[in-house]
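For reference, the structure is listed below as structure tokens.
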Amino acid sequence: MTDETKNLTGLTSDRVKQLQQQYGKNELTPERKVSFFRKVLHILCEPMFLLLIVAAIIYFILGEPRDGAIMLIFVVGIISIDVIQEWKTDKTLNALKDLSAPHIKVIRDGEEQMIASEDLVPGDLMLIYEGVKIPADGIVVRCNDLCVNESSLTGEAEEVWKITNENVKPGTDYWRKDYCYAGTLVTQGTAAVLVDKIGADTEYGKIGMNVAAAPEENTPLQRQTRGLVKLCAGIASVLFALVGVFTYLNIPDHSFGDRMIESILSGVTLAVAMIPEEFPVILTVFLSMGAWRLAKKNSLVRRLPAVETLGAVSVLCVDKTGTITMNQMTVQDVWPVSGTKHTLCEVMGLGCETDAYDPMEKAMLSYCGCVGIVKEELFKGELLKEYAFTNELKMMGHIWKRNGEIIIAAKGSPERMLTICEM
């Protein structure tokens, strides 16, 4: 740790420029954008679509432009469905990426500054507080009751109380308590964090790199349809040869050229009849309906064949329940020892932060809304004093002035609250 960081004066502007040239921007490796024509070409390379295009060409050769045009309309319609579905999903995913904190407060040249998160460099001093999504990995050099929700990274629903690197005990845990990780959310407290890693070097960035490097494999549905296309093509080829030979032998009175043309046309006609042109159309429509139904339940489908793959899952192995559940706390019921339920809920709400990030406080305020206590009415008074929650005290309190009277609302662990209440 440098003298600048020891004294919490931060980096100088000149040093920041040097580090930015060395490490670049604090951003994940951008996805390679696929052009519209490349997407269309990728769809056309599917055997089912090649089958439709071949059928359309054959219809045009046989002098059936209407049937050929219908085949091409099917091809255009199916490509449109695929491209529109992928575009809608990408648009939603990009919107979700924009929810990350775009700015962060740092100390540079001995002064607090608000900068874009992408301009962070190793050695910067971040100032984080409740509600901030941490944009880089770093060492906690100073903190005041810092509590971080790391479920987005580790899957653990329980929040982690952080300590400074001076108080950490040597251990073997991979996830350190004196360290903050990019992509996690501060639910309580404040801290000064020395940025250690940025961009793709962070733990969050490593996950993104691994996902991006994962090879793309064909889905079971794609493998099965390709097998079906090959089977149909094989049968059509055999029938084409057999019908062509028999036709050639059955018209000996024709000239050689006419016999060849008749034989080829007869074989092609039967071969086209073997091609299931409707199959890719029906398949795409039903997969699109599945993606639409999943979208109504807030599930995004980037590639349509994934709908069938998800339906084929028989065993799902996960290591954390929060991965597949809402990972949210919910107040089921309250029981007042004295007074009314409405009064208890009102005091419970007044004991919470006005802009809550803690899952328990969110659950409490949500329950207040269920019993008819809206936030606007609840917090319309004047907040005179706030006693912050500490890990040692294990309780917090707010002093409100409402309707001409002073109200003290406190909440915390039962063993501490029992020492100050009537019970």
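The values are calculated or read from the model by the stated rules, or taken from the named source; none is laboratory data. Given the structure is predicted, the values throughout are model-derived calculations rather than measurements. A quick note on method: Cβ atoms are made from the backbone with ideal geometry, for glycine too, and the neighbour counts reach across all protein chains shown. The protein model used for the area step is the full one, side chains on, heavy atoms only, and it has no ligands, DNA or RNA in it. Shrake-Rupley method; radii C 1.70, N 1.55, O 1.52, S 1.80 Å.
Based on Cβ point charges of +1 for Lys and Arg and -1 for Asp and Glu, what charge dipole magnitude is obtained for the stretch 69-188 about its Cα centre, in debye rounded to the nearest 20? Walk me through the numbers on the way to the answer.
Values: 11 positive and 20 negative charges, 34 e Å.
Around 160 debye, computed over the stretch 69-188.
Just reorder Ser314, Ser338 by solvent-accessible area, largest first, 1.4 Å probe, all chains present.
On the way: Ser314 110, Ser338 85 Å².
Putting Ser314, Ser338 in descending order of accessible area: Ser314, Ser338.
If you roll a 1.4 Å probe over the chain with all protein chains in place, what percent of the accessible area is carbon or sulfur? Could you put the intermediate results ahead of the total?
Values: 15440 of 26230 Å².
C and S fraction of accessible area: 59 percent.
For the chain, what is the accessible area per residue in Å², given a 1.4 Å probe and the full set of protein chains? Display every interim value, and only then the final one.
Numbers: 26230 Å² over 423 residues.
That works out to 62 Å² per residue.
When the chain is treated as a GNM, springs tying every alpha-carbon pair under 10 Å, which of Gln18, Gln222, Gln332 comes out with the largest mean-square fluctuation?
Result for the chain, Cα springs under 10 Å: Gln332 fluctuates most.
Which value in nm describes the separation of the simple spin-label points at Glu118 and Arg402, placed 7 Å from the Cα toward the beta carbon?
Spacing of the two 7 Å Cα→Cβ label points: 4.4 nm.
So, with +1 on the Cβ of K and R and -1 on the Cβ of D and E, and no other charges, what is the size of the charge dipole of the stretch 153-297 about its Cα centre, to the nearest 20 debye?
On the way: 13 positive and 16 negative charges, 47 e Å.
Computed charge dipole of the stretch 153-297: roughly 220 debye.
Going toward the positive end of the dipole of the chain, with +1 on Lys and Arg Cβ and -1 on Asp and Glu Cβ, which of Val195, Ser299, Gly311 do you reach last?
Gly311
GNM, the chain, Cα, under 10 Å: largest mean-square fluctuation among Val238, Val347, Val315?
Among Val238, Val347, Val315, the largest mean-square fluctuation in the Gaussian network model of the chain belongs to Val315.
From the protein chains alone at 1.4 Å, what is the descending order of accessible area for Asp124, Asp253, largest first? Write out the running numbers ahead of the final one.
Numbers: Asp124 0, Asp253 130 Å².
So the residues, ranked largest to smallest area, are Asp253, Asp124.
By how many degrees, 0 to 90 and rounded to 10, does the Cα axis of helix 278-296 deviate from the longest principal axis of the chain?
With rounding to tens, the tilt is 10 degrees.
Could you list which residues have their amide H under 5 Å from that of Val168, counting only those 5 or more apart in sequence or on another chain, with H placed in the peptide plane?
For Val168, whose amide H was placed from the backbone, there are no distant partners under 5 Å.
For Leu146, which sequence-distant residues (separation of 5 or more, or a different chain) have an amide H within less than 5 Å of its own amide H, given hydrogens modelled in the peptide plane?
Lys162, Thr190
Among Ser266, Thr184, Val106, whose Cα sits farthest toward the positive end of the charge dipole of the chain (+1 at Cβ of Lys/Arg, -1 at Cβ of Asp/Glu, about the Cα centre)?
Going by the Cα projections, it comes out as Ser266.
Could you work out [θ]222 nm for the chain from helices alone, using -39500 (n - 2.57) per DSSP H run of at least four and dividing by all its residues? Round to the nearest 500 deg cm²/dmol. Present the calculation step by step, with values, prior to reporting the outcome.
Numbers: 15 runs with 193 residues, N = 423.
Roughly -14500 deg cm²/dmol at 222 nm, from the helical runs in the chain.
Within the set Lys375/Lys401; Lys380/Lys411; Lys88/Lys375, which residue pairs have Cα atoms separated by over 26 Å?
Numbers: Lys375/Lys401 16 Å; Lys380/Lys411 20 Å; Lys88/Lys375 34 Å.
Pairs exceeding 26 Å: Lys88/Lys375.
Got the relative contact order for the stretch 333-423 handy, in percent, Cα pairs under 8 Å and 6 or more residues apart?
Values: 104 pairs, mean separation 20.1, N = 91.
Relative CO of the stretch 333-423 lands at 22 percent.
Take the alpha carbon atoms of the stretch 219-275, find their center, do the same for the stretch 355-419, and report the distance between the two centers in whole angstrom.
With the stretch 219-275 and the stretch 355-419 each reduced to a Cα centre, they are spaced 79 Å.
Springs between alpha-carbon atoms under 10 Å, Gaussian network over the chain: tell me which of Glu353, Glu166, Glu150 tops the mean-square fluctuations.
Highest fluctuation of the listed residues: Glu166.
Using only protein heavy atoms and a 1.4 Å probe, report how much of Met395 is accessible, in Å² to the nearest 10.
Using a 1.4 Å probe on the heavy atoms, I get roughly 30 Å².
Give me a comma-separated list of calculated 3J(HN,Hα) values for the stretch 126-132, in order, Karplus coefficients 6.51, -1.76, 1.60 applied at θ = phi - 60°, integers in Hz, x for any Gly or Pro.
My calculation for the stretch 126-132 gives 8, 10, 10, 8, 3, x, 8 Hz in order.
Quick one: compute the contact order of the chain, relative version, from alpha carbon pairs under 8 angstrom and 6+ residues apart, as a percent.
On the way: 597 pairs, mean separation 56.9, N = 423.
Contact order relative to length: 13 percent.
For helix 65-97, report the angle its Cα long axis makes with the longest principal axis of the Cα atoms of the chain; keep it between 0 and 90° and round to the nearest 10°.
Relative to the chain, helix 65-97 is tipped by roughly 10 degrees.
In debye, nearest 20: dipole of the chain around its Cα centre with unit charges on the Cβ of K, R (+) and D, E (-)? Walk me through the numbers on the way to the answer.
Numbers: 42 positive and 54 negative charges, 115 e Å.
Here the size comes out at about 560 debye.
Charges on Cβ only, +1 for Lys and Arg, -1 for Asp and Glu, centred on the Cα centroid of the stretch 178-254; of Gly227, Val211, Ala241, which one is farthest towards the dipole's positive end?
Selected residue: Ala241.
Kindly write out, for the stretch 401-412 in residue order, the coupling ³J(HN,Hα) from the Karplus curve 6.51 cos²θ - 1.76 cosθ + 1.60 (θ = phi - 60°), rounded to whole Hz, with x marking Gly and Pro.
Ordered by residue, 3J(HN,Hα) equals 10, 9, 6, x, 10, 9, 10, 9, 10, 10, 8, x Hz.
Can you give me the solvent accessible area of Thr340 with a 1.4 Å probe, rounded to the nearest 10 Å²?
So the heavy atoms of Thr340 present about 80 Å² to solvent.
Quick one: helix 47-61 against the long Cα principal axis of the chain, what's the angle to the nearest 10°, folded into 0 to 90?
Compared with the principal axis, the helix lies near 40 degrees.
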